[in-house]
Amino acid sequence: MQTDSAMHEWRIEPREYARQEARRGKRHAYSSLDPVRTALIVIDMVPFFVEASPYLRGIVPNIGRLADALRTVGGLVAWVLPANVAPLARVSGEFYGPVVSQTFAATGDEGPPRSRVWHPFDVRPDDLVVEKTAYSAFFPGRCVRPELLTEREIDTVVITGALTIVCCESSARDAATTGLRVLMVADANAARRDQDHNATLHTIYRSFGDVRTTNEVLDLIGRPIVLDSRDAAHGVCETST
């Protein structure tokens, strides 16, 4: 088993920061959050993916820090796993070919869902652990039930996990479409290359949510809640089972 780790050299171009500052009067869309109404979404951190990438192993400590901090203040932690079926099964065989399609169908591994999360993580009894049958954790009917977030009055999701450019970006886009406030954590998502990772960060920051570091999110979790009118973007959506 591979044990080396790496971190992306992530960046958003200064001109994009300047563009957003000019448009909304501040660099970051969400300057505060209510921890009790926030869910940390951890996507596809399972052995199949983590063992294959030093970048995924590199983000494990940051995800753990976020989970510990959010639980402490009453927030929700949701672990989202690939189900043991090929995503979009009717077309995946044609798109990927039969061998790769079957490989992807087995990415979720076997056994109870909680046992399939990457082993260094501390999955607590109150955490949600759910499977998804599509790339997005927020596509209707493919993963989380909307009522699970609605019951908790969740209005903000913090996206972490793998891969930045596939399941994490898909989840962030769909979560934003449903009306949730989306924060993507720059150093708690991972792809295969810096340029791929950074392309998604740019897209999310530009059109779908905010991009923050782990330390910045930890600061928001511990900061008193003072929402201004530009931060009020409540919505319902779907998360775990």
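No lab work stands behind these numbers, since they all come straight from the coordinates. All figures in this text were calculated on a predicted structure; none of them were measured in a lab. Don't worry about glycine lacking a Cβ; one is built from the backbone with ideal geometry, like all the others, and counts go over all protein chains shown.
The table for this structure:
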item	result
From phi via Karplus (6.51, -1.76, 1.60), per-residue ³J(HN,Hα) for the stretch 63-77 in Hz, x at Gly/Pro	4, x, 4, 5, 4, 4, 5, 5, 4, 4, 9, x, x, 10, 10
Cβ-defined net charge surrounding Leu163, 9 Å radius [Lys, Arg +1; Asp, Glu -1]	-2
Placed amide H near Val46: partners under 5 Å, 5+ positions off or other chain	Trp118
